[in-house]
Amino acid sequence: MRSLIRTLLFVVVAFGAAGAQAQTVRGLEVSPTAIIGGVSVQGKVVLSEKAGTSGLVVTMTSSNLAATPPLTVKVPSGSSSMSFSISTKAVPKLTTATIKAQAGKGIAETALTIKPAELIALDFNPGIVLGGNTVTGIVAIADVAPSGGLTVVLSSSSTAWGGPSSVFVPGGASATQFSFTTKAVIVNSLATVTARYEGSIVSGGFTIESNSIHSFTLSSTEVTGGTDLTGTIDLVAPAPLGGLKIELSSNKTVADVPKVIVILAGTKTITFNISTTAVNKDTTASITAKLFSSKATASLTVTP
């Protein structure tokens, strides 16, 4: 009787051991198989059969520190698979990490490709802007930004572009938009802007135009010496923040004008006083207004 019991116990233990040994890793999956560094991916370990009453602990490893799976994954009792998360880090170049799962003699592995974030576009709207006015820019990347987002460095050889030194693409976004105010320019100029992130570089640009004098008129083209009059200057567009200075000059002393007048921000027209002196004969003075490279002249005849 005792001999029979011992035999039965041996059979039960042996069967249980054989069942435990039969529970091995059959497969390992990751989805997606290629991502931008900093984005987490889902993995799944698959067993050859359902785990026993105590479950089965699977050891996880990675060949590259850019991808970090958990140290172990426990498949619960009665289950043949278990999902888990793999965190990744930003990388400067294309990187492949081999993820390995092992339980006993059972081993499965799969490859995870980690890509650096790649800039694909830098655009500006409008493409032509009067210096001192606002421009909107947009930076786009090939995929979505990692959970912590990424910072794109901006630079330009133009001192008038007026944009930020960097912009931030939030986690999960594929682009970011930003606005800035350009600076006034003396002559029309092209602002070329470069965006950089790690080893990825894209460029874009827009034209900054200078404001100019649209018209210059006098309240009268002929006055008696000693009579005052006014001049009016109209610009192509409103003056930017800080206003604009216009230089005035007269080639004859009989017509006296201020040396500089200022058109206030947001306005495009200004009127100023002109004084004259008595003359012995008809005298014609040329009055010139200058804004950057733009000039306009009006003639005034002063009579006795």
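Observations on the model:
- Failed condition for Lys268, given (1) over 30 Å from Ile36 (Cβ atoms); (2) buried (at least 18 other Cβ atoms within 10 Å of the Cβ): (2)
- Looking across the range 111-120 at every residue that is assigned to a strand (DSSP E or B) and crowded, with 16+ Cβ neighbours inside 10 Å, the one that is modelled with the lowest pLDDT is identified as Lys115.
- In the range 170-183, the count of residues that are within 30 Å of Ala66 (Cα to Cα), in contact (Cβ under 8 Å) with a residue 24 or more places away in the chain and charged (D, E, K, R) is zero.
- Applying the set (1) assigned to a strand (DSSP E or B); (2) surrounded by fewer than 19 Cβ atoms within 10 Å (Cβ to Cβ); (3) outside the structural domain of Arg196 (by TED's automatic domain parsing) to Val58 leaves exactly one unmet item: (2).
- Listed by first and then second residue, the pairs linking a residue in the range 248-260 that is assigned by TED's automatic domain parsing to the domain that holds Val223 to a residue that is acidic (Asp, Glu), with Cβ atoms under 8 Å apart and 6 or more places separating them unless they lie on different chains, are Ser250/Asp256; Lys259/Glu247; Val260/Glu247.
- Test: residue in the range 91-100 that is of a type in the set (Gly, Ala, Ser) and either within 30 Å of Ile141 (Cα to Cα) or free of Cβ contacts under 8 Å to residues at least 12 places away in the same chain (or both): yes
- Pairs with Cβ under 9 Å, 6+ apart, first in the range 68-86 and more than 14 Å from Leu56 (Cα to Cα), second basic (Lys, Arg) and not in a strand (DSSP E or B): Thr68/Lys89
Here is a yes/no grid of residues against (1) within 30 Å of Ala265 (Cα to Cα); (2) within 37 Å of the chain's Cα centre (by Cα); (3) not in a loop (DSSP other than H, G, I, E, B):
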| residue | (1), (2), (3) |
| --- | --- |
| Lys44 | no, yes, yes |
| Thr53 | no, no, no |
| Lys74 | no, no, yes |
| Ser79 | no, no, no |
| Phe84 | no, yes, yes |
| Lys93 | no, yes, no |
| Asp123 | yes, yes, yes |
| Gly148 | no, yes, no |
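- Test: residue in the range 136-143 that is within 24 Å of Gly43 (Cβ to Cβ), outside the structural domain of Val45 (by TED's automatic domain parsing) and either hydroxyl-bearing (Ser, Thr, Tyr) or in a loop (DSSP other than H, G, I, E, B) (or both): yes
- Filtered residues of the range 150-176 (kept if assigned to a strand (DSSP E or B) and of a type in the set (Gly, Ala, Ser)): Ser155, Ser156, Ser166, Ala175
The values are calculated or read from the model by the stated rules, or taken from the named source; none is laboratory data. Please read these numbers as outputs of a predicted model, since none were measured by experiment. No Cβ is skipped: glycine too gets one built from the backbone with ideal geometry, and neighbour counts run over all protein chains shown.
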